[in-house]
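Before any comments, here is the structure.
The values are calculated or read from the model by the stated rules, or taken from the named source; none is laboratory data. Nothing here was measured: the structure is a model prediction, and the numbers come from that model. Counting neighbours? That spans all protein chains shown, and the Cβs are built from the backbone with ideal geometry, glycine included. Protein only, heavy atoms only, side chains kept; ligands, DNA and RNA dropped before computing areas. Shrake-Rupley method; radii C 1.70, N 1.55, O 1.52, S 1.80 Å.
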Amino acid sequence: MMDFPLTLNVILRRAETIHACREVVTHRSDGSWHRYGYADMARRARQLAVALAKLGVSSGDRVATICWNHYAHLETYFGVPCSGGVLHTINPRLHADDLVHILTEAEDRVLIIDDTLLPVLERIGERVSLEHIIVVTSDGNVPAGMLDYDALIDATDATGYEFPELEESQAAAMCYTSGTTGRPKGVLYSHRAIVVHTLGSALASAIGIQEADAILPVVPMFHVNAWGLPFTCAMMGSKLVLPGRHLDSESLLQAFEQERVTISAGVPTIWIPLLDKLNECEGKYDLSALHSLIVGGSAAPRSLMEELEKRHNIRLVHAWGMTETTPLGTVAMLRPGQETLDEDQQYAVRLRQGHPVPFVEIRARGEAGIVPWDGKTMGELEVRGPWIAGAYYKRPDAADRFTSDGWFRTGDIVTIEPGGSMKIEDRSKDLIKSGGEWISSIDLENAIMSHPAVTEAAVIAIPDAKWTERPLAVVVVREGQSVSAEAISRHLETKVAKWWIPELFEFVEEIPKTATGKFQKTALRKQFAEGR
Ligand code: ADP
């Protein structure tokens with residue numbers, strides 16, 4: 001067989017020739033809509049490559065982006081890696097100290113940033129040294145000393161420029177974990193890892209993407225490549241709808257209707273308010289094209305899945321992944337034969353994190369070694385595969401996250417059923433140890449969120465003299481409703497073991513979220529657990 005390197009250049013060539021006119025649509029920051037085809041995108045990606053080379057960027061150099069999901073960001077997704085550079089996407093919601101740390105550690109030479117995100121730079125001030133800052137604007141207003149992205153592209157003649165032949169093992173992109181569990185750690189994605197992930201995630205038993213789809217990634221392009229969807233869409237030729245900074249439920253619903261979106265993807269904290277909005281204005285939006293919302297990043301509550309399906313006929317597909325897994329690892333779907341299960345059992349199957357997608361292998365390790373796939377024994381999930389990180393960038397101190405026989409230790413505590421369906425019981429540091437038994441904070445949160453007057457709930461451990469730890473529930477009540485701790489406890493009696501029911505409830509306006517929209521339990525611990 002030919003030794004044919006698996007690089008993003010192959011995906012870009014396909015998008016440019018086979019899917020030339022398939023559309024990339026962007027909701028721009030000024031509210032207007034921008035449209036062009038993959039051939040235009042590829043042409044501008046080449047112009048970007050030439051422009052960056054003129055600015056001194058050479059093979060292996062890191063180019064950082066701090067951008068929402070839009071066409072210019074897509075051009076960097078191909079223009080930087082296909083010319084041999086490394087695209088470093090940065091999460092603007094990170095703390096200033098973390099931003100300084102990752103920009104410094106990655107040695108980014110050039111930064112491409114949205115004008116609406118320039119305040120992020122003000123926060124870090126003079127603490128990093130960048131050679132060039134390129135600003136994506138909708139009005140051409142660029143601060144002194146910075147370059148205008150569109151003007152730079154328009155002024156660059158890339159006639160005759162061809163992207164170089166690359167090795168598939170070469171780095172294409174990098175992303176840092178959002179630091180839910182400590183200082184952000186960098187993961188370097190090779191061309192090969194992204195290409196194989198692109199193939200794997202398009203499969204029908206994974207996300208299932210076809211050319212005729214119109215896909216709107218709500219998941220940000222600044223975190224784990226928007227779950228790889230920009231690459232998958234370019235390979236398949238699906239229409240890509242990029243929401244820019246318009247991430248409120250109403251804007252998303254309008255975009256779903258206007259662009260006949262078929263698949264969207266986001267974290268639960270995006271879909272929970274979107275469901276509320278849909279309930280509020282039932283029938284207002286024509287969502288007849290929409291067949292699946294992919295949810296991941298944290299566990300999906302049953303109430304979300306059930307209501308979206310029963311009331312609005314929108315299927316929710318639960319998936320699991322991490323920055324270190326590019327990110328798709330597992331997807332929960334009914335398997336042949338399971339259609340005959342009763343409703344509760346079907347939801348139970350679909351609310352697990354699911355089966356590993358082809359080429360991802362899983363196992364779990366308990367105190368006594370690898371645990372059996374019996375659906376009961378808990379252990380820390382370990383994964384391996386062609387798109388799983390083999391090390392962190394410049395972090396030899398984190399080598400203990402990788403086993404001596406080549407698996408990555410995820411930090412997630414799981415059970416695995418016979419047949420390989422995985423369920424996350426908790427992140428290892430979030431499990432609550434009460435009287436020698438474990439309480440899954442995720443299961444308890446979902447049980448609390450199944451109360452109709454609760455929109456969000458996060459459970460943390462607090463120290464307890466008798467039981468070692470007990471759960472404390474932090475609850476957000478649905479607007480216009482009220483509920484007492486006693487009422488929630490009564491509701492829980494039918495949902496969880498009696499000893500799981502928290503004695504302590506705190507009612508808050510909002511639960512603090514991490515930069516990727518997850519409940520920030522470190523902040524909750526500081527507020528409610530420390531000093532108890
Ligand atoms: P961080 O939050 O540290 O940046 P990631 O954004 O990479 O890390 O998130 C990975 C983690 O998110 C997983 O280890 C897991 O704990 C959690 N996670 C992802 N998807 C799911 C899911 N479907 N259900 C529960 N937890 C999930």
Item to check | Solvent-accessible area per residue for the chain (1.4 angstrom probe, square angstrom) | outcome: 41 Å²
Checklist entry - Ordering ARG13, ARG192 by how much accessible area each has at a 1.4 Å probe, largest first, what is the list? => result ARG13, ARG192
Checklist outcome for this item: Share of accessible surface on carbon and sulfur in the range 376-532, whole %, 1.4 Å probe and ligands ignored, is 50 percent
Next on the checklist: Output wanted: per-residue J couplings in Hz (rounded whole) for the range 318-330, from phi through Karplus 6.51 cos²θ - 1.76 cosθ + 1.60, θ = phi - 60°, x for Gly and Pro.
Outcome noted: 8, 9, 10, x, 9, 3, 6, 10, 6, x, 5, x, 9
Checklist outcome for this item: For the chain, the dipole about the Cα centre with charges only on Cβ (Lys and Arg +1, Asp and Glu -1), to the nearest 20 debye, works out at 660 debye
Checklist entry - Percent antiparallel among DSSP beta bridges with both residues in the range 117-250, to the nearest 5? => result 55 percent
Checklist entry - Short version: ³J(HN,Hα) in whole Hz for each residue of the range 88-104, in order, from phi by Karplus 6.51 cos²θ - 1.76 cosθ + 1.60 (θ = phi - 60°), x for Gly and Pro, what are they? => result 10, 7, 10, 7, x, 8, 5, 5, 3, 5, 5, 4, 4, 4, 6, 5, 6
Checklist entry - For ASP3 and GLU122, what does the FRET efficiency come to when R0 = 45 Å and r is the distance between their Cβ atoms, rounded to the nearest 0.05? => result 0.40
Item to check | Burial order of peptide ranges 58-67, 307-316 (average beta-carbon count within 10 Å, highest first) | outcome: 58-67, 307-316
Item to check | Zone of GLU250's modelled label, taken as backbone nitrogen in the range 282-311 under 15 Å from a point 7 Å along Cα→Cβ | outcome: 282, 284-285
Checklist entry - Distance from the Cα centre of the range 452-474 to that of the range 98-171, in angstrom? => result 44 Å
Item to check | Cut-off 14 Å (backbone N to label point 7 Å along Cα→Cβ of GLU367), residues of the range 418-433 | outcome: 433
Item to check | nm² value of the averaged projected area, convex hull over the Cα atoms of the chain | outcome: 25.8 nm²
Item to check | Under 17 Å from LYS423, Cα to Cα: lysines that are on another chain or at least 8 residues apart | outcome: LYS376
Next on the checklist: Can you give me the C-alpha center-to-center distance between the range 281-298 and the range 53-80, rounded to a whole angstrom?
Outcome noted: 32 Å
Checklist outcome for this item: Contour minus Cα-Cα span, ASN279 to TYR161, at 0.36 nm per residue, comes to 37.3 nm
Checklist outcome for this item: Expected sort for 211-224, 509-522 on mean C-beta neighbours within 10 Å, highest first, is 211-224, 509-522
Next on the checklist: Please compare each pair in LYS239/LYS518; LYS429/LYS495; LYS429/LYS518; LYS498/LYS518; LYS239/LYS284 to a cut-off of 19 Å on the Cα-Cα distance and tell me which ones are over it.
Outcome noted: LYS239/LYS518; LYS429/LYS495; LYS498/LYS518; LYS239/LYS284
Next on the checklist: So if I take the centroid of the Cα atoms in the range 477-532 and the same for the range 315-341, what is the distance between those two points in Å?
Outcome noted: 27 Å
Next on the checklist: Report the gain in length on full extension from HIS34 to HIS291: 0.36 nm times residue separation, minus Cα-Cα distance, nm rounded to one decimal.
Outcome noted: 90.1 nm
Checklist entry - How large, in percent, is the carbon and sulfur part of the accessible surface of the range 82-130 at a probe radius of 1.4 Å? => result 48 percent
Item to check | Per-residue HN-Hα couplings for the range 205-219 [Karplus 6.51, -1.76, 1.60; θ = phi - 60°; Hz; x = Gly/Pro] | outcome: 7, 10, 7, x, 10, 10, 4, 6, 6, 10, 10, 10, x, 7, 3
Checklist outcome for this item: Per the rule of 0.36 nm per residue minus the C-alpha distance, extending ASP342 to LYS498 adds in nm 53.6 nm
